[in-house]
Every structure is written in structure tokens, then in C-alpha cells.
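**Student:** Would you mind keeping the following structure in view while I ask a few things?
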Amino acid sequence: MIVDLRSDTVTRPTPPMRAAMADAEVGDDVYGEDPTVTALETEVAALLGHEAALFVPSGSLGNQLGIRLLVQPGQELICDTLAHVARAELGAAAVFSGITFRTWRAQRGVLDADAIADLAAPDAGPYQVSTAAIAVENTHNFGGGIVQPPEQVAAVATFAREHGLGLHLDGARLWNAHVATGTPLAELAEPFDTVSVCLSKGLGAPVGSVLVSSAARIAEARVWRKRYGAGMRQAGIIAAAGLYALRHHVSRLADDHARARRLAEALGADPAAVPTNIVVLDVADAAGVAVQAAADGVLVSALGPRFLRLVTHLDVDDDGLDRAIDVLRPLVAR
């Protein structure tokens, strides 16, 4: 039995999700005629409390479109050093949009409004780069699935408004933050100008993310989606999976969170430091542990010399977790 803890992106669509995909009503979404895509966009916009939404193939594209709407070529986006938009999107903002970055160092990706205020340069004049927007990640992937403190989000939002800065939320796992805290999704998304959420991670859809914002911004994003080559035709087949995920797989994220805490405790980590579904471990040889675990059928991610990441999801049940613990415990102990 293979137990795959590398990411919650490895989930496979469930039989009922596949049935929903097979039965999906479709049309040409580039012409705006796919009713299932429209239903998904309408539902996500309502859940997040924004005017409009756009279905896109990936979370990276959702982020890149959201950033593009807020930052002009030659301006800068600021984010933390571990942010997905800076670390794991292959320099897309620079390549496609002419956007530069500056970053602040944040412990486990936790927001620090004071550090942001010190770093930002909203009006840097004619000889330096001006800050145009701030990116926040919630939950934070490389930070170990932490949920951003609401008081820090509020402080950053206030600072952004006072200085005319845009605010983008990489909410790939915003569903996890919602379930972990009980905070309504619309409340988590409200301070932000653009928000990207992912359907293919913890929610288990095979593909897709959704960008939300104002109606005017989403109309512009729709043009850029096509320009980037990501216009989709009969996309209702995959949008149906997202709709099914929203209606059936959100509340069950609590199971993933509980399993992640049990996994952390079994491997000698502090379960209190695991608020959602990501466990990060500091080990002497992360790559070595990953190779040895894989030989015994347990897949984990080595994301640095000492950085081991394990992610629980709907394809890992209690039996799978027990198997992973049995394999990983002696390897981590060494």
C-alpha cells in the first residue's frame, strides 16, 4: 500500500465526483456559455463575498492574474520570504508581468504588520521601485499550514488602504483556515482586493482554482486568462468537480486536521503547532528520510536539507496514517 503524504494535490476524484463530471452540462466557456462554469464562479464569489469570479486551471495562474490586476510592470509586490508566489511559481510575475518583489522574513510565514510597514515604499519617487501591492498567504504552505492571525490581517489591510496599496490573498487553502477557525469564508476574504482559492488541494477536485474580485477586475482578468493561453472551452466537466467538492468536501477537512495533529505527535512534533493539514519536521537529512520512506511505500516531501513536509488529505484514512507512522517514526528518530 502506497501512502502519499507529499501534498494534498495528489488526491483523486471520488466516484460521486466522477459521476458529477460525467453528467455536467457544458458549453463554450471562452464565449461565456458554459453553465456549469458560470454556476461555479457564482457560487465561489458568493461564498467569498466578492462581486465576481473567474475559473482558472491552476492556483499559480489564479495568483498571477490577481497580482497582475494590482501591480503594473516595473512596480513591486511585497510578500514574505516563504510565500508561494515568490518561492514556487517559477518567477512568473517577473516573466509575464514585469513585476519585481521584495520580501520580509517571517517566522513560519506569520504576518507581521510592522515589518510590512517598514519594507513598503508606496511612493518611492522617480529613481526607485514603488510598492503597489502586498500578498498574503492563508493558510501558509511552507509555514506549515498556519492560519494568519486576524489582528495582523486587519492591521495589514488598514496599512494598505491608508497608502493606496493593493492586497492579494493566496487562499489556496483558505478552506482549511475556515474549517480550523470557524471564521466565515467571506470574513477571511473581505479585506482583500483579489483572492485566489484552489479546488484541487484539500477539496479533492482534479484540477482548477477560482479568482474572485470586483466585476471590473474579473472582466480584465478574463482577458488576461485568454492572453496567457488559458481560455477553456467545455470546461464544465472539470468545473462540476469543483462544485461537488465545495458541496461535499469542505467540512471533512476537519478530519485531515485531526490526522495531521496525530501524525505530528507520533513523530515527536508539537501537535499544537499543527493547526491544519500540514506537518513540517526538522530532521538531520530530509532527503535521506524521504528516500528510505519511499522504499517502504510512504511518500513525503523533502523541501530543504532539513525540511520535511507531510500533508494529510482525503486519500489518507486512519489505516494509511497508521502505516505512515510505523514507517516514519524510526526514520525520524534517527
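The values are calculated or read from the model by the stated rules, or taken from the named source; none is laboratory data. The structure presented is a predicted model; accordingly, all values stated were derived computationally and were not measured. Neighbour counts run over all protein chains shown; Cβ positions are idealised from the backbone, glycine included. Ligands, DNA and RNA are stripped out before the accessible areas are found, and what is left, the full protein with its side chains, is counted by its heavy atoms. Shrake-Rupley method; radii C 1.70, N 1.55, O 1.52, S 1.80 Å.
**Student:** Would you please name the residue that is nearest to the chain's Cα centre (by Cα), looking only at residues in the range 39-59 that are open to solvent by 30 Å² or more (accessible area, probe 1.4 Å), of a type in the set (A, V, I, L, M) and closer than 17 Å to E187 by Cβ?
**Tutor:** L47
**Student:** Return the pair list, or none, for Cβ contacts closer than 6 Å from residues in the range 94-105 that are within 16 Å of W224 (Cβ to Cβ) to residues that are buried (at least 17 other Cβ atoms within 10 Å of the Cβ) and of a type in the set (A, V, I, L, M, F, W, C), at least 6 apart or on different chains.
**Tutor:** Final answer for the pair search is I99/V71; I99/L77; I99/A93.
**Student:** Among R161, R173, which is charged (D, E, K, R) and more than 18 Å from the chain's Cα centre (by Cα)?
**Tutor:** R161
**Student:** Which is surrounded by fewer than 22 Cβ atoms within 10 Å (Cβ to Cβ) and not β-branched (V, I, T), of A93, A113? Write out each step before concluding.
**Tutor:** On the way: A93 fails: surrounded by fewer than 22 Cβ atoms within 10 Å (Cβ to Cβ).
After applying the criteria, what remains is A113.
**Student:** Scanning for something open to solvent by 30 Å² or more (accessible area, probe 1.4 Å), more than 19 Å from the chain's Cα centre (by Cα) and in contact (Cβ under 8 Å) with a residue 60 or more places away in the chain, does the range 280-298 turn up at least one residue? Please lay out each step first, then the result.
**Tutor:** Our first condition is that a residue be open to solvent by 30 Å² or more (accessible area, probe 1.4 Å); within the range 280-298, this holds for 280, 282, 284-285, 287, 291-292, 294-296.
Add one more test, that the residue is more than 19 Å from the chain's Cα centre (by Cα), and what stays is 282, 284-285, 287, 291-292, 294-296.
Checking which are in contact (Cβ under 8 Å) with a residue 60 or more places away in the chain leaves us with none.
No; the residues of the range 280-298 include none that is open to solvent by 30 Å² or more (accessible area, probe 1.4 Å), more than 19 Å from the chain's Cα centre (by Cα) and in contact (Cβ under 8 Å) with a residue 60 or more places away in the chain.
**Student:** Something else now. For the range 1-29, which positions are surrounded by fewer than 14 Cβ atoms within 10 Å (Cβ to Cβ) and among the hydrophobic types (A, V, I, L, M, F, W, C)?
**Tutor:** M1, I2, A19, A22
**Student:** Can you tell me which of L308, L303, L328, L263 is among the hydrophobic types (A, V, I, L, M, F, W, C), surrounded by fewer than 20 Cβ atoms within 10 Å (Cβ to Cβ) and in contact with a helix residue (DSSP H, G or I) (Cβ under 8 Å, 6 or more places away or on another chain)?
**Tutor:** L303
**Student:** Suppose we filter Q152, Q128 for residues that are touching a Leu at 6+ places or on another chain (Cβ under 7 Å), over 22 Å from A88 (Cβ atoms) and open to solvent by 30 Å² or more (accessible area, probe 1.4 Å); which single one remains?
**Tutor:** On the way: Q128 fails: touching a Leu at 6+ places or on another chain (Cβ under 7 Å).
The unique qualifying residue is Q152.
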